[in-house]
Amino acid sequence: MFILYIKERKAWILFFVGLQIWLNFILTLDIAFQDIAILYINLVYILSFLVFIWWRYRKEATYYKELEESAKSDSLPEGKSSFEKKITSIMEDLILVNNEELNQLKVQHLEENDRILSWIHEVKTPLTGMRLIIDAVQEHPLQEKLEVEWLRIHLLLDQQLHHTRLPSLEKDYLVESVQLQKLIHKEIKELQAWCMQKGIGFEIDFLLEVVLTDQKWLAFILRQLLSNAVKYSDPDKEIHIFSRRDETGHTVLTVRDFGSGITKADLPRIFEKSFTGTTGRNTAASTGMGLYLSKKAADKLGIRIIVDSKINEGSTFSLQFPLKNEMTNIASR
């Protein structure tokens, strides 16, 4: 603080130094002054200036320290001098304007979210009608193609719905015992048409684990991982799904595909918003939002996502669930 104050008062110091140089120049020209008199005058001036600087620092720094502390107390210091009171008044006006703008943005954001949610629910009605029409189609090849396209629209709407609700996840949070096997089978059934089109099967082992989490949001995370596994798997391949307990006692659920994989350069960025990567650019259906939303939701649920991938060998996504005591701390946030 003191060094910063000295830098701010650089003009004072330069003025004093210049004045001292001028004074010493005049005193040197005047033979009436001896060396001892010049030294005495310089010492008195320098000491007086240092005392003045310290006094001003103590007086002004008090206000600056109060400003720093006001960030914790949410109240600005009143200030003692007229200049300090003026600064406080200006800052209060700026804070008031910023708060008004922030409130307006919050209202606009809530209105936009409500509009998006309303639109999603409106679109679901014709989408349900399309499902009934598809089920009535007699030609199996045509029905299969329509089902896949319907599924893609359904997944995109579901992704947008959860994207809109994600900021308020804590308000829509229910911790319960979830059977992984039951949930996995349900999500695989939703992707059945797509899997049949690509000839993709599932090998499921050791899914008897029960985890404490929010079932709806866990289903969304699994939906993103499974749809990505199907999307990037080569035709006629299998997707392996299994669970285990790691050395720390955490339940770990793993989804492994044998598709195109993720390049080493792209791997650190796969959870970034709208990042599609090298593999995603080759797929028109890739939005770069699935893994981003999955990571955001997983963080709020206390679930750790672990990724291992090699190009042309496939990708492995593992969900490490929190322990019971860890889940209690997360739920009480």
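The values are calculated or read from the model by the stated rules, or taken from the named source; none is laboratory data. Since the model is a prediction, treat every value here as computed from it, not as a measurement. Counting neighbours? That spans all protein chains shown, and the Cβs are built from the backbone with ideal geometry, glycine included.
Among residues that are modelled with pLDDT under 90, under 16 Å from S309 (Cβ atoms) and surrounded by fewer than 18 Cβ atoms within 10 Å (Cβ to Cβ), D246 is not included. Can you name the condition, by its number, that T125 falls short on among (1) in contact with a strand residue (DSSP E or B) (Cβ under 8 Å, 6 or more places away or on another chain); (2) at pLDDT below 90; (3) not aliphatic (A, V, I, L, M)? Every listed condition holds for T125 apart from (1). Do we have K106 as over 30 Å from R58 (Cα atoms) and under 25 Å from the mean Cα position of the chain (by Cα) here? Judged against the criteria, K106 is a match. Residues that are buried (at least 17 other Cβ atoms within 10 Å of the Cβ) and either among the aromatic types (F, W, Y) or farther than 27 Å from P141 by Cα (or both) within region 185-208 comprise W194, F202, listed in sequence order. Out of the residues in region 317-331 that are touching a Gly at 6+ places or on another chain (Cβ under 7 Å) and at pLDDT 80 or above, state the one that is surrounded by the most Cβ atoms within 10 Å (Cβ to Cβ). So the residue we want is P322. The condition of being assigned to a loop (DSSP other than H, G, I, E, B) and either without any contact (Cβ under 8 Å) to a residue 40 or more places away in the chain or exposed (fewer than 12 other Cβ atoms within 10 Å of the Cβ) (or both) holds for only one of L157, L127, L174, that being L174. For I239, which of the numbered conditions (1) among the aliphatic types (A, V, I, L, M); (2) part of a strand (DSSP E or B); (3) out of contact with any strand residue (DSSP E or B) (no Cβ under 7 Å at 6 or more places or on another chain) fails to hold? Only one criterion is unmet by I239, namely (3).
Would you check if E139 is farther than 17 Å from L222 by Cα, modelled with pLDDT under 85, assigned by TED's automatic domain parsing to the domain that holds L253 and of a type outside the set (F, W, Y)?
No: the conditions fail for E139.
Return the residues of region 194-219 that are touching a Pro at 6+ places or on another chain (Cβ under 9 Å), of a type outside the set (S, T, Y) and closer than 12 Å to Q179 by Cβ; say none if nothing qualifies. Matches in region 194-219: V211, L212.
L301: closer than 21 Å to D246 by Cα, in the same structural domain as L212 (by TED's automatic domain parsing) and crowded, with 18+ Cβ neighbours inside 10 Å, yes or no? When the stated conditions are applied, L301 passes them. Filtered by the rule that a residue be free of Cβ contacts under 8 Å to residues at least 40 places away in the same chain, assigned to a strand (DSSP E or B) and more than 17 Å from N228 (Cα to Cα), region 177-203 gives S177, Q179. Within region 279-294, restricting attention to residues that are β-branched (V, I, T) and more than 23 Å from the chain's Cα centre (by Cα), the residue that is modelled with the highest pLDDT is T279. D299 satisfies every condition listed in (1) over 20 Å from the mean Cα position of the chain (by Cα); (2) more than 25 Å from G199 (Cβ to Cβ) except (1).
With respect to (1) closer than 24 Å to L166 by Cβ; (2) in contact with a Lys or Arg (Cβ under 9 Å, 6 or more places away or on another chain); (3) at pLDDT below 90, the lone exception for A219 is condition (3).
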